[in-house]
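Chemist: One structure follows; several queries about it will come next.
The values are calculated or read from the model by the stated rules, or taken from the named source; none is laboratory data. Please read all numbers here as calculations on a predicted model, not as lab measurements. Quick reminder, even Gly has a Cβ in these numbers, built from the backbone with ideal geometry, and neighbours come from all protein chains shown.
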Amino acid sequence: MSKVYFSTWNGESINNIGKPEDEWEESAYNLPATYDDHRDSKAFIGWDGVALFNEDVDVIRLAMEYAAQYQEYSEACGRCAPGRWGGRILYDQLDKIARGEGSVADMDHLKEIGKSMQITSKCEIGKTVPNPIIDLMTHFEDVFMDCIDNQKPSKHYNEEVGYIAKITAPCTDMCPAHVDIPGYIEGVRDLRFNESLQATRQTMPLAHVCGRVCPHPCEDACRRTNLDEPISIMELKRLGADYETDHGFGFFHPMKKKKPNGKKVAIIGAGPAGLTTAYYLAAEGVECDVYEELPVLGGEVAVGVPEYRMPIDKYNQDIECVRDMGVNFITNSRIGADDMRRFEEEYDTTMIATGTRISKKVRCANERPEVEGYWSAIEMLDQINLWDKYGIGEAVDLTGKIVVCVGGGFTSMDVVRCAIRANAKKVYMIYRRDEKTIIRNTTYEEYHEAVEEGVEFLFHSAVNEMRDENDVLKSLFIDKFELVPDPDGGRAQLVKIDGESYSIETDFLIPAVSQSADLDLLP
């Protein structure tokens, strides 16, 4: 938390005007008092208010510069008069006052325009832009009136002052790709699906994928949670892509491909990271060769995520969108250290996007991968999905078998639900923590659908030992734990319950606790 001179951010009211700095209150919010990791901010202004960290801030020019930055956005949009022209009027009136030529009528006009924008603008940006400006006019009216009454410029009007601007939203900030979430949601709302899709593809080309299997941290930051629950940001993303596919349109690329620039790049791995890298490099005129070890494109999302979660025909549309940008694909090609040395001569650079396809162990006693019945999550899901989606390999039939999966995330959920679909007699998931945590790791729907399908969850449990006979898995010895609250308020600790251990028979143990990268390709 930061001490502030003044703040109206998110409805808080902090006014330390006239107080010595050592008596200033702290804001309840994590406001950016610094930037670039070490430089102090003097002020922060945005859609939900304003915060001043320094009493020397020129509040009139601050409001004026904010209005100027909004103009760039509103003129590019132009979908409603209040949003577009209101922003221009805000700037003109503030500039007039700041340079010492304003009047009381200009103050009244500013307030009227601001309130009109709040009520009639079509988008939330237009509705909220006046908020901090009105806050400053209300709480620093004497500063505004001093410039008007004395017809003098604001105190730093003629000085060079650095203003750093960024159009964003909490959901966009939480998105690793910083997708323009408000932009694509507005496109959906207005039934302008091509514009929605283009907003997505500005920073992330795989709209079908991220509209279905994204972990969607954006929804954790959704402002709607202040009222009830987050909107389905992830699922809305797929609508633009589905519209493009269902109507047979060509691909909506948000940028025009540049002419070849003579650069050549090798990308190892045709999963989401490799595909995304290739898409944007190709758009810049770079020749891209993507090498994939598997016989199919798409990486772990293609062969690791079941069809019911990620339909392969939809994913193939994303892949074809990347191919449409001029990317070359080479499948059935495992790259080794010798290839990497050769690439140094043939390419300007090489990008490694091989993902994490090595399943980690459970770390229990007698854990031996060579035992029949020990099956890594990656290998199991590869075999199931290569057959189900591509007809490659053999079908998996678990009829009459007992399956135990250890884990608590999306991969383990895919394992147990695929096992159910492969006709397993009984399917368990062993997880060290509780139901709430597994829902937080995945989704509410994913967990409850697994329960309805017949998966039995063994919470507060961990495998102590694998037990086999003649290298054939027979049973698992399970320890029970309880969650003990941390007296310092940290994460609850797992404590083993003596005398509560037990055994369960099983035909398969499938670790899905995490994965690591295969780095054997490095020279």
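Chemist: If a residue must be within 18 Å of E307 (Cβ to Cβ), modelled with pLDDT of 95 or more and not in a loop (DSSP other than H, G, I, E, B), how many such residues does the stretch 389-410 contain?
Modeler: The total comes to 2.
Chemist: Taking into account only those residues within the stretch 243-263 that are part of a helix (DSSP H, G or I) and free of Cβ contacts under 8 Å to residues at least 60 places away in the same chain, which is surrounded by the fewest Cβ atoms within 10 Å (Cβ to Cβ)? Break it down stepwise before answering.
Modeler: Filtering the stretch 243-263 down to residues part of a helix (DSSP H, G or I) leaves 243-246.
In the following step, the residues that additionally are free of Cβ contacts under 8 Å to residues at least 60 places away in the same chain were identified as 243, 246.
Numbers: Y243: 19, D246: 9.
Among them, the one singled out is D246.
Chemist: Okay, moving on. Please tell me if K474 is modelled with pLDDT under 95, closer than 28 Å to R368 by Cβ and not small (G, A, S).
Modeler: Details: modelled with pLDDT under 95: no; closer than 28 Å to R368 by Cβ: yes; not small (G, A, S): yes.
No.
Chemist: Here's another thing I want to ask about it. Anything in the stretch 458-503 that is in a strand (DSSP E or B) and either more than 39 Å from the chain's Cα centre (by Cα) or hydroxyl-bearing (S, T, Y) (or both)? List them, or say none. Give the steps one after another, and end with the answer.
Modeler: Let us first name the residues in the stretch 458-503 that are in a strand (DSSP E or B), namely 458, 461-469, 472-484, 493-496, 502-503.
If the condition is that a residue be in a strand (DSSP E or B) and either more than 39 Å from the chain's Cα centre (by Cα) or hydroxyl-bearing (S, T, Y) (or both), then S461, R467, D468, E469, V472, L473, K474, S475, Y502, S503 are the ones that fit.
Chemist: Quick check: anything in the stretch 360-370 of a type in the set (D, E) and in a loop (DSSP other than H, G, I, E, B)?
Modeler: So in the stretch 360-370, the residues of a type in the set (D, E) come out as 367, 370.
Within this subset, residues satisfying the condition of being in a loop (DSSP other than H, G, I, E, B) are 367, 370.
For the stretch 360-370, residues of a type in the set (D, E) and in a loop (DSSP other than H, G, I, E, B): present.
Chemist: The conditions are (1) surrounded by fewer than 24 Cβ atoms within 10 Å (Cβ to Cβ); (2) closer than 11 Å to A241 by Cα; (3) among the hydrophobic types (A, V, I, L, M, F, W, C), and L206 fails exactly one of them. Which is it?
Modeler: Checking L206 against (1) surrounded by fewer than 24 Cβ atoms within 10 Å (Cβ to Cβ); (2) closer than 11 Å to A241 by Cα; (3) among the hydrophobic types (A, V, I, L, M, F, W, C), the one that fails is (1).
Chemist: Could you list, in sequence order, the residues of the stretch 465-479 that are touching a residue at least 40 places away in the same chain (Cβ under 8 Å), buried (at least 19 other Cβ atoms within 10 Å of the Cβ) and farther than 14 Å from P511 by Cβ?
Modeler: I478
Chemist: Could you grab me the full set of residues in the stretch 91-120 that are touching a helix residue (DSSP H, G or I) at 6+ places or on another chain (Cβ under 7 Å) and assigned to a loop (DSSP other than H, G, I, E, B)?
Modeler: Within the stretch 91-120, G100, G102, S103 qualify.
Chemist: List, please: which pairs have Cβ atoms under 8 Å, are six or more places apart or on different chains, and start with a residue in the stretch 409-435 that is within 22 Å of E482 (Cβ to Cβ) and end with one that is surrounded by fewer than 23 Cβ atoms within 10 Å (Cβ to Cβ) and among the charged types (D, E, K, R)?
Modeler: Y428/E456; M429/E456
Here's the yes/no breakdown for (1) of a type in the set (S, T, Y); (2) over 11 Å from the mean Cα position of the chain (by Cα); (3) under 19 Å from K314 (Cα atoms):
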{"residue": "D173", "(1), (2), (3)": "no, no, no"}
{"residue": "N194", "(1), (2), (3)": "no, yes, yes"}
{"residue": "R224", "(1), (2), (3)": "no, yes, no"}
{"residue": "I233", "(1), (2), (3)": "no, no, yes"}
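Chemist: A further question on this structure: Quick one: in the stretch 440-457, of everything that is of a type outside the set (D, E, K, R) and under 24 Å from K496 (Cβ atoms), which residue is farthest from the chain's Cα centre (by Cα)? Spell out how you get there, then give the answer.
Modeler: Looking only at the stretch 440-457, we keep the residues that are of a type outside the set (D, E, K, R), and these are 441-444, 447-448, 450-451, 454-455, 457.
Retained after the next criterion (residues that are under 24 Å from K496 (Cβ atoms)): 441, 457.
Details: N441: 14, F457: 28 Å.
Of everything passing the filter in the stretch 440-457, F457 is farthest from the chain's Cα centre (by Cα).
Chemist: Please go through the stretch 332-365 and pick out each residue that is on the phi > 0 side of the Ramachandran plot and loosely packed, with under 13 Cβ neighbours inside 10 Å.
Modeler: Here is the first cut: in the stretch 332-365, the ones on the phi > 0 side of the Ramachandran plot are 332, 355, 363.
Across the stretch 332-365, the qualifying residues are N332, R363.
Chemist: Going through the stretch 7-48 one residue at a time, which ones are over 20 Å from D95 (Cα atoms), part of a strand (DSSP E or B) and not acidic (D, E)?
Modeler: The answer is S7, I14, N15, T34, Y35, R39.
Chemist: May I pose another question? Look at S196 and say whether it is hydroxyl-bearing (S, T, Y), assigned to a helix (DSSP H, G or I) and either assigned by the TED database to the domain that holds A68 or surrounded by fewer than 16 Cβ atoms within 10 Å (Cβ to Cβ) (or both).
Modeler: Numbers: hydroxyl-bearing (S, T, Y): yes; assigned to a helix (DSSP H, G or I): yes; either assigned by the TED database to the domain that holds A68 or surrounded by fewer than 16 Cβ atoms within 10 Å (Cβ to Cβ) (or both): no.
Answer is no for this residue.
Chemist: With respect to the numbered conditions (1) assigned by the TED database to the domain that holds L476; (2) part of a helix (DSSP H, G or I); (3) more than 32 Å from the chain's Cα centre (by Cα), which one is the sole condition not fulfilled by F343?
Modeler: Every listed condition holds for F343 apart from (1).
Chemist: Take the residues of the stretch 181-213 that are without any contact (Cβ under 8 Å) to a residue 40 or more places away in the chain and of a type outside the set (D, E, K, R): which is farthest from T277 (Cα to Cα)?
Modeler: L191
Chemist: Let me ask something else. Could you look through the stretch 122-143, keep only residues that are farther than 16 Å from Y66 by Cβ and not acidic (D, E), and pick out the one that is surrounded by the most Cβ atoms within 10 Å (Cβ to Cβ)?
Modeler: C123
Chemist: Let me ask another. From E435, E500, grab the single residue that is among the acidic types (D, E) and under 30 Å from N385 (Cα atoms).
Modeler: On the way: E500 fails: under 30 Å from N385 (Cα atoms).
None of the others qualify; the one that does is E435.
Chemist: Here's another thing I want to ask about it. Could you look through the stretch 214-242, keep only residues that are part of a helix (DSSP H, G or I) and without any contact (Cβ under 8 Å) to a residue 12 or more places away in the chain, and pick out the one that is farthest from Y184 (Cα to Cα)?
Modeler: Within the stretch 214-242, the subset part of a helix (DSSP H, G or I) is 217-221, 223-226, 233-242.
Now drop any that are not without any contact (Cβ under 8 Å) to a residue 12 or more places away in the chain, which leaves 224-226.
Values: R224: 17, T225: 19, N226: 21 Å.
The qualifying residue farthest from Y184 (Cα to Cα) is N226.
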